Amino acid sequence: MQSSNPNTATNTAEVAVIGGGIVGLAIALGLTRNGHQVVVLDESDIALRASQGNFGLVWVQGKGDTLPEYAAISRQSARLWRSLADQLLDSTGIDIQLQQKGGLFFCLTEQELNNRQQMLQQMQQAAGGDYPFQVLDLKQVQELEPEAGPEVAGATLGPEDGHVNPLLFYRAMTEQFLQSGGRIVHSGKTTDIKPLNQGFTVTCHDKGLDQKWHCDKVVLTAGLGNKELAPMVGLHAPVEPNLGQVLISERLKPLLNYPTGHVRQTNEGTIQIGDSKEDVGFITDTRIEVLAQIANRARKMYPVLNKVRLVRTWGALRVMTPDGYPIYQESTRHPGAYVVTCHSGVTLGALHQGPIADWISHNKTELPLEAFNGQRFNG
Ligand SMILES: Cc1cc2nc3c(=O)[nH]c(=O)nc-3n(C[C@H](O)[C@H](O)[C@H](O)COP(=O)(O)OP(=O)(O)OC[C@H]3O[C@@H](n4cnc5c(N)ncnc54)[C@H](O)[C@@H]3O)c2cc1C
């Protein structure tokens, strides 16, 4: 289908997925599974990529406290994760290290623990009682996590939570997508999308050259780039960057049994300690004051960390909508154009690869996607 010279002629693909981060790859993989010819058009390594910096949590507890539909789709994704991990292992041989035996959220004061309990109870009510969690006091926490320190007031345990190696996840999806005949083109930035009577022409610009693609459907998965791209096809995706800073320790023997919202031990033995939430624009620098706060909270949770050497720090930008919830929408003005953007691309990875890709393939879904329409931010 592709013409021979990408710089002189219009190339074709049935579906163009714009943005090759974890969101784009998951959608692209699901679309190839459904039999579509898919091209992923990705900017370049200089782009800001949330997918290269994240905490690796497949996290459910507390997600969607003000939007039950978000709680529901996060849980649905968590339930689909095991089969996605198995399928990636079968097809690529890559074990993405998924563990879903539960996750803890540590609270350092009784007040914090009470507030969290109240929030989870409300979520349970909103879910008609079907929302599992437990509230643990310090003694119960230490039975699960012997390294938890005396300053911990308690924790909530979410049995549906887990974690994964996000970089292996990204790599495995890329390999499987390419194996299934998908194409990834480092096309430079997509600068224009023109809706036609039938389909779209996508223009990308790289090193002074334009590259054009004709496609029947276009899916915007460009993370922070979606803000500029969405209006080209009558969509609205007012996403903004939000910086998260993370500390990484030296490799240690297994010390921690469960991931928490702030600290987790990877299969390789490093401990990831996170993370901050700062609206500072397009800046990924780490700052010592913020890192000190993160480290201080973490060593109260696990005093053993006082003796651990930190080997690096990093910052990465979250892709945040004003209310923090995803946008899933097909353009009404230009049907066939979709936007998919969220700040929990790992957790929602299995949903994207499965039911979200199916929605784009078949133009219908059982998912409550009305709640995630980008027009909610208009006015
Ligand atoms: C500190 C931190 C911790 C996190 N922890 C977790 C976690 O534990 N669990 C979880 O689920 N999520 C977590 N996340 C969020 C997760 O990383 C993001 O949801 C996810 O990476 C977003 O993926 P994306 O593909 O939408 O965006 P990106 O990874 O940013 O990918 C977008 C892609 O689009 C391309 N692009 C952009 N503009 C254009 C354009 N105009 N033309 C062509 N290509 C373009 C870029 O090159 C890039 O490759 C975390 C994020 C941060 C920052």
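The values are calculated or read from the model by the stated rules, or taken from the named source; none is laboratory data. Owing to the predicted nature of the structure, the values given are computational and were not obtained by experimental measurement. Don't worry about glycine lacking a Cβ; one is built from the backbone with ideal geometry, like all the others, and counts go over all protein chains shown.
Among residues of segment 224-235 that are within 15 Å of PRO322 (Cβ to Cβ), those with a beta-carbon under 8 Å from a residue that is near the ligand (Cβ under 10 Å from one of its atoms) and in a helix (DSSP H, G or I) at least six positions away or on a different chain give the pairs LEU224/ALA50. Restricting the search to strands (runs of 3 or more DSSP E) fully inside segment 131-213 and requiring at least 2 residues that are of a type outside the set (Phe, Trp, Tyr) and over 15 Å from VAL17 (Cβ atoms) gives 134-137, 154-158, 189-195, 200-206. When ILE18, ILE27 are checked against the criterion of being hydrophobic (A, V, I, L, M, F, W, C), outside the structural domain of GLN122 (by TED's automatic domain parsing) and either surrounded by fewer than 19 Cβ atoms within 10 Å (Cβ to Cβ) or within 7 Å of the ligand (Cβ to nearest atom) (or both), a single residue qualifies: ILE18.
Criterion applied to LYS212, LYS189 was being under 23 Å from the mean Cα position of the chain (by Cα) and of a type in the set (Lys, Arg), and the one residue passing it is LYS189.
Matching residues to (1) among the β-branched types (Val, Ile, Thr); (2) closer than 30 Å to GLU112 by Cβ:
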residue	(1), (2)
ARG299	no, yes
PRO322	no, yes
GLN329	no, no
THR332	yes, no
PRO355	no, no
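Annotation note: of SER83, SER77, the sole residue that is at pLDDT 95 or above, buried (at least 24 other Cβ atoms within 10 Å of the Cβ) and under 16 Å from LEU348 (Cβ atoms) is SER77. Looking only at segment 269-288, filter to residues that are at pLDDT 95 or above and either of a type outside the set (S, T, N, Q) or over 25 Å from GLY324 (Cα atoms) (or both); which one of those is surrounded by the fewest Cβ atoms within 10 Å (Cβ to Cβ)? My answer is GLY269. Taking segment 92-104 as the search range and keeping residues that are in contact with a helix residue (DSSP H, G or I) (Cβ under 8 Å, 6 or more places away or on another chain) and surrounded by 16 or more Cβ atoms within 10 Å (Cβ to Cβ), which one is nearest to GLN142 (Cα to Cα)? Among those that are in contact with a helix residue (DSSP H, G or I) (Cβ under 8 Å, 6 or more places away or on another chain) and surrounded by 16 or more Cβ atoms within 10 Å (Cβ to Cβ), it is LEU104. Can you work out which of the residues in segment 345-365 that are modelled with pLDDT of 95 or more and outside any helix (DSSP H, G or I) is farthest from the ligand (Cβ to nearest atom)? Ranking the candidates gives THR365 first.
For GLN124, indicate whether it is under 23 Å from ALA72 (Cα atoms), outside the structural domain of VAL263 (by TED's automatic domain parsing) and without any contact (Cβ under 8 Å) to a residue 60 or more places away in the chain. Spelling it out, GLN124 is indeed under 23 Å from ALA72 (Cα atoms), outside the structural domain of VAL263 (by TED's automatic domain parsing) and without any contact (Cβ under 8 Å) to a residue 60 or more places away in the chain.
Where in segment 238-297 are there strands (runs of 3 or more DSSP E), lying fully within it, with 1 or more residues that are in contact with a strand residue (DSSP E or B) (Cβ under 6 Å, 6 or more places away or on another chain), of a type in the set (A, V, I, L, M, F, W, C) and more than 14 Å from the ligand (Cβ to nearest atom)? Spell out the reasoning first.
Numbers: elements: 240-249, 263-265, 271-273.
Here the list reads 271-273.
Listed conditions (1) surrounded by 14 or more Cβ atoms within 10 Å (Cβ to Cβ); (2) modelled with pLDDT of 95 or more are all met by GLY188, apart from (2).
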